[in-house]
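Worksheet for the structure shown next.
Nothing in this text is a laboratory measurement; each read-out follows from the coordinates by a stated rule. All figures in this text were calculated on a predicted structure; none of them were measured in a lab. Note that each Cβ is placed from the backbone with ideal geometry, even for glycine, and that neighbours are counted across all protein chains shown.
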Amino acid sequence: MQLNALKQYLTQYLQPERFTDYCLNGLQVEGKAEVNRIVTGVTASIALLEQAKEQKADAVLVHHGYFWKGESQSITGIKKRRLKYLLENDMNLFAYHLPLDGHLEIGNNVMLGKVLGLEIAGWLDNQHMIAWAKLKEKQSLGGLSQQVSERLNRPIQLVGNANQVVETVAWCTGAAQSYIEYAIAADIDVFISGEISEQTVHQVRESNTAYMSAGHHATERYGIDALGTHLANNFSISHMFIDIDNPV
């Protein structure tokens, strides 16, 4: 597939213009003009780039790329090493942040719901970032936390009474702990996200909404994999998702 055709399709499919984001969405580093093999991963770390090279990838497609607002513009240190590696190996780098989170087919929030066995009943915001669902059967908060831990294969940091009976769940992947305010306003029993902040504990204690911190990386593994699979199913492209372990 020609690089320009891939670029145009991703723009059409993910519609980055719908979002006010903190980074450049789309092609961040240009490489080969022909893309036959794609590697996807959560973050464009040097470890992912090295494994992409081993897989002879023409393009790397990630959720967390480069060129974030507020960061230094100097091409030094870690940034230099990453960019140099991509350029020397003629690999393209695509990155999609909020457009991947909010996509209604393969987005991080849609895919996390599927992994957790939660059927989305609606959204608490107008950009499809905060999903909510009603459990098929009421269960204890502790039991639900154990289920989430097993599905994501990582320990969960739970804030709330483990014996509390819960029925409604809301979630938003990554560093979306502040969105618990939406769940509280909607009287949702428990909110799930990737990270936790100091004030989150107090918000839980002063409301009826519990909180699960399930890992930034762990909650955002599924959208980018689904996007790569979508491309492979629709074009003459091979795809491999590579999960670089991250405990956060």
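I want the antiparallel fraction of DSSP beta bridges within the stretch 3-101, as a percent rounded to 5. Approximately 30 percent, going by the DSSP bridge assignments. Going by neighbour counts of Cβ atoms within 10 Å, the residues Val248, Val190, Val169 line up, fewest first, as Val248, Val169, Val190. Would you be so kind as to identify which of Ile184, Leu144, Gly223 lies farthest towards the positive end of the dipole of the chain, taking Lys and Arg as +1 and Asp and Glu as -1 on Cβ and the Cα centre as origin? Value computed over the given set: Gly223. What you get for the stretch 113-217, charging only the Cβ of Lys and Arg (+1) and of Asp and Glu (-1), is a dipole of about 320 debye around the Cα centre. Sorted ascending by nearby beta carbons within 10 Å, beginning with the fewest, Lys53, Lys84 become Lys84, Lys53.
Rounded to the nearest 0.05, the FRET efficiency derived from the C-beta distance between Gln139 and Lys80 at R0 = 41 Å is 0.25.
Remark: the stretch 3-101 carries a charge dipole of roughly 200 debye about the Cα centre, counting +1 on each Lys and Arg Cβ and -1 on each Asp and Glu Cβ.
Which entries of Lys32/Lys84; Lys7/Lys32; Lys53/Lys114; Lys114/Lys136; Lys32/Lys79 show an alpha-carbon separation above 19 angstrom in the structure shown?
Lys53/Lys114; Lys32/Lys79
As a rough footprinting exposure proxy, the listed residues Glu195, Glu137 were ranked by other beta carbons within 10 Å of their own, and the order from fewest upward is Glu137, Glu195. Using the alpha-carbon positions of the stretch 102-175, Rg (one decimal) and Dmax (whole number) come out as 12.3, 34 Å. For the stretch 68-227, averaging the sequence separation of C-alpha pairs within contact (under 8 Å, six or more residues apart) and dividing by the residue count gives a relative contact order of 22 percent.
The mean of 1/r over all pairs of different alpha-carbon atoms in the chain, once inverted, gives a Kirkwood hydrodynamic radius of 18.8 Å. Rounded to the nearest 10 degrees, the inclination of helix 3-14 to the longest alpha-carbon principal axis of the chain is 20 degrees.
Across the options Leu27, Asn4, Gln73, the greatest Cα extent toward the positive end of the charge dipole of the stretch 3-101 (unit charges at beta carbon of Lys, Arg, Asp, Glu) belongs to Gln73.
A viscosity of 1.002 mPa s and a temperature of 20 °C, combined with the Kirkwood radius over C-alpha pairs in the Stokes-Einstein formula, give the stretch 81-218 a diffusion coefficient of 137 µm²/s. Taking Cα centre as origin and charging only the Cβ of basic (Lys, Arg, +1) and acidic (Asp, Glu, -1) residues, the dipole magnitude of the chain rounds to 500 debye.
Straight-line reach from Lys69: taking Cα to Cα under 20 Å and skipping same-chain neighbours fewer than 8 places apart, the aspartates and glutamates in range are Glu17, Asp21, Asp101. Pairs of Cα atoms nearer than 8 Å and 6+ residues apart set the relative contact order; for the stretch 1-97 it is 38 percent.
For the chain, the 222 nm mean residue ellipticity estimated from helices alone, with every DSSP H stretch of n ≥ 4 adding -39500 (n - 2.57) and the total spread over all residues, rounds to -10000 deg cm²/dmol. Percent of Cα pairs in the stretch 1-137 per distance bin of 5 Å, from zero to the largest separation: 2, 10, 18, 19, 17, 15, 9, 6, 3, 1, 0.
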